[in-house]
Amino acid sequence: MMCRSFLRRLRRSEQGNAIVEFALTAPLFLLILMGIFDFSWQIYGKQVLQGAVSKAARDATLESNAVNQAALDTKVRQKVLNVFKNGDVTFERKSYDSYSEVGQPEAFTDSNKNGVYDAGECFEDVNGNSNWDADRGATGNGGAEDVVLYTATLEIERVLPVWKMLGQSPTSRIQATTVLRNQPYNAATSTKKVICT
């Protein structure tokens, strides 16, 4: 009985309308707000990672750092983990002869004119691994005057549960890359050779 009278009063009251409207809109508003916070946190992570990678890449081009790239990776990892305590940072370096070669495949003789490398076709082994590669970059920091693509990947656990509500992964993967040329600290060497299998 008391419940019915309360519901009647609530139906006639403007405050009752406001409560119902708030109950309907609050979940959507909170979901959007949490999504904005989660997205902002990831943007911040990208900026922290990119700043650390850019600094390390500039240092990596100097001869004094050519021998110990792991020390530069450790510096990047420390800077990132100061902000993202449970983050996992991994690194990849690929070296090329010039900027125009970054991400390009190794050249091959297209005997059957299909535009795709097929086993048995001759190719120019630029990175010295004796296999045709869709990316001609050699693993590592290269040598003098080589162009280096330096990539760092940060995996973090998402802070807010909005990912679960939207069916997303509980982890976020953030990448930062930079491309720089090593200093001319000694004579450049080449490992190019033509291989026909």
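The values are calculated or read from the model by the stated rules, or taken from the named source; none is laboratory data. Just so it is clear, the model here is predicted, and its values are computed rather than measured. Here the Cβ positions follow ideal geometry from the backbone for every residue, glycine too, while neighbour counts run over all protein chains shown.
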ask   = Is one or more of the residues making up segment 98-118 within 21 Å of Gln69 (Cβ to Cβ) and charged (D, E, K, R)?
value = yes
request  = Among residues belonging to segment 39-64 that are crowded, with 17+ Cβ neighbours inside 10 Å and at pLDDT below 85, point out the one that is farthest from Glu92 (Cα to Cα).
outcome  = Thr61
task = Kindly indicate which of Ala52, Ala57 is under 14 Å from Thr153 (Cβ atoms) and small (Gly, Ala, Ser).
result = Ala52
ask   = Going by the conditions given, is Arg11 of a type in the set (Lys, Arg), assigned to a helix (DSSP H, G or I) and modelled with pLDDT under 70?
value = yes
note = Scanning segment 154-176 residue by residue, the ones that are buried (at least 16 other Cβ atoms within 10 Å of the Cβ) and either touching a Pro at 6+ places or on another chain (Cβ under 9 Å) or under 15 Å from Ala57 (Cβ atoms) (or both) total 3
query = Does Asn82 meet the test of being at negative phi, loosely packed, with under 10 Cβ neighbours inside 10 Å and at pLDDT 80 or above?
reply = no
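Could you run through segment 145-165 and say how many residues are without any contact (Cβ under 8 Å) to a residue 60 or more places away in the chain and more than 18 Å from the chain's Cα centre (by Cα)? Reasoning before the result, please.
Step one: of segment 145-165, the residues without any contact (Cβ under 8 Å) to a residue 60 or more places away in the chain are 145-147, 149, 164.
After this cut, where a residue has to be more than 18 Å from the chain's Cα centre (by Cα) as well, the list is 145-147, 164.
Number of matching residues: 4.
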